[in-house]
1. For residue B:162 paired with residue A:115, estimate the spin-label separation in nm (one decimal), with each label point 7 Å from Cα along the Cα-to-Cβ line.
2. Once each part is reduced to its C-alpha centroid, what is the distance from the stretch A:195-226 to the stretch A:156-186 in angstrom?
3. With the Cα gyration tensor of chain A giving a ≥ b ≥ c as the square roots of its eigenvalues, does the rule (a/c under 1.5 for rounded; else a/b larger than b/c for prolate; else oblate) give rounded, prolate or oblate?
4. Once R0 is set to 25 Å, what does the formula 1/(1 + (r/R0)^6) return for the Cβ-Cβ distance between residue B:36 and residue A:157, expressed as a FRET efficiency to the nearest 0.05?
5. Once both axes come from the Cα atoms, what is the angle between helix A:216-247 and the longest principal axis of chain A, in degrees from 0 to 90, rounded to 10?
6. For residue B:16 and residue A:43, what does the FRET efficiency come to when R0 = 22 Å and r is the distance between their Cβ atoms, rounded to the nearest 0.05?
7. Treating only the Cβ atoms of Lys and Arg (+1) and Asp and Glu (-1) as charged, compute the dipole magnitude of the stretch A:56-247 about its Cα centre; round to the nearest 20 debye.
8. Starting from the stretch A:158-219, pick out the trypsin sites (Lys or Arg not before Pro) whose DSSP state is loop and whose Cβ has at most 15 other Cβ atoms within 10 Å.
Amino acid sequence: MGMRILGFIAVFVTGALLTYGVADFPKWGDPHSPANAGEVSTYFIQNTKADTHVPNIVTAVLADYRGYDTMFETVVIFIAGVAIMAILRVLATIPPGHQPVQYDPRKKIAYDPIISVTCRLIVPVIQLFALYVVAHGHHSPGGGFQGGVILGASFILIAITSNLRSALRRFSEKRFIFIACAGALIYSGFGLTTLLFGRNFLDYGVLSKIMFDTDEVMARSHSMLGVEIGVMLTVTAIMFAIYANLSSRGALRGGL
Amino acid sequence: MREFFESYIVPYFNFWVYVILMMIGMFAMITKNNLIKKLIGMSIFQTAIILFYVSLGVKDGATIPIYFHEHKEESHAEGTSEDAHHKEEESSHESVGPGILTDAERKQAHLEAGDHTPHGEAAGHAVNPDEFTNPLPHVLMLTAIVVGVATLGVALAVCQLIYREFGTLEESEILTQIKQSNHG
């Protein structure tokens, strides 16, 4: 009870300070607020097309101007997946008395034809849409993270509607670890290739030398697609790895 | 009261919402006894910050930060009656919102803004920054969401480990168990 009052006082004081500062913020939708009229965002809006040929400014900023940020973001996702596997997966096999509960999936979950057939029909559409979101990320809202999450969700849908085993049959542990590594390596591989041509890390323009029929600007656009595919692979694999490990308490058997 | 409402609440609505959401999340993180409820509070806190950033990037009358595709040149080249109809449709569409300007309007707005960047001119396509919402908060929050997912996943894994070890997720019970094992 005392904790609750103390917490309320702390929250009230912080909230009061924050609301006191609210009046100093720019008004809603003000195009000339410091954040909106700042040099950086103005530069991005005015020069993205000339610099990269990518209509979607968010994708261009994400994959090119702030390429380092996104690369290590992918690494963060990768490390999170590895950490979850290290926390849950390894320990699940150690204690002999602590046998994880083994469900018989057919007994535990009643087979429902409606759910099963709907899932079977909808999963290919979801996966196709995920690939569209990645491939069309230059021209419409989308990109590697979003497409990867959708693709990972399609595998999670299989695991929820039937059982974890049939999802793992399509996307086994060995495979998702391999794909997660491959995605991070594709991204850093683009950076390394630019280094080999004597440019800065992730300075894609020079890749026009090894790409067919492109100039420096178009090479940036194409490299962004490659980088986004790397992001998608890592995100897909790690999303499914997180679900598979959490739902089966690291045993990768039974599951929900 | 009405004056206060119109001058302090309405123009800063997004900031009020973010403060309230953030305090709800912080209160849950501080006072809740259950670890999962603490995690829910942390997620609410993160969502409040995402809302704060994205709402900072809003501009009145601006559209999403994706350039328009230029198919006007193509329609100029053909010039059939069907095409004229199409153009008419397009121009009526153009007058709808300030986000979609004609070339002349765009040039005018650019001149009024008074910035002549060599890059935009070289591309033959002057871009008025007031036409597009600020892309930078979107990019930053895209990565923040990813970090949120990663931290939430790891936190849930740690919670499962704690549950396996102590048989409970209540913080007070875990603390008494730790104290007992330290004494004994």
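Read-outs: derived from the displayed coordinates by stated rules, not from any lab. All of these numbers come straight from a predicted model, not from anything done at the bench. As a convention, Cβ positions derive from the backbone with ideal geometry for all residues, glycine included, and neighbour counts pool all protein chains shown.
1. 3.0 nm
2. Here the answer is 31 Å between Cα centres.
3. Numbers: a/c = 1.99, a/b = 1.25, b/c = 1.59.
Cα axes put chain A in the oblate bin.
4. Numbers: r = 23 Å, r/R0 = 0.94.
My answer for the efficiency is 0.60.
5. 20 degrees
6. Details: r = 31 Å, r/R0 = 1.43.
Efficiency computed from Cβ-Cβ geometry: 0.10.
7. Values: 14 positive and 11 negative charges, 189 e Å.
Its charge dipole is roughly 900 debye.
8. Numbers: sites: A:165, A:169, A:170, A:174, A:175, A:199, A:209; in loops: A:199.
In loop regions of the stretch A:158-219 (DSSP not H, G, I, E or B), the sparsely surrounded trypsin sites (Lys or Arg not before Pro) are A:199.
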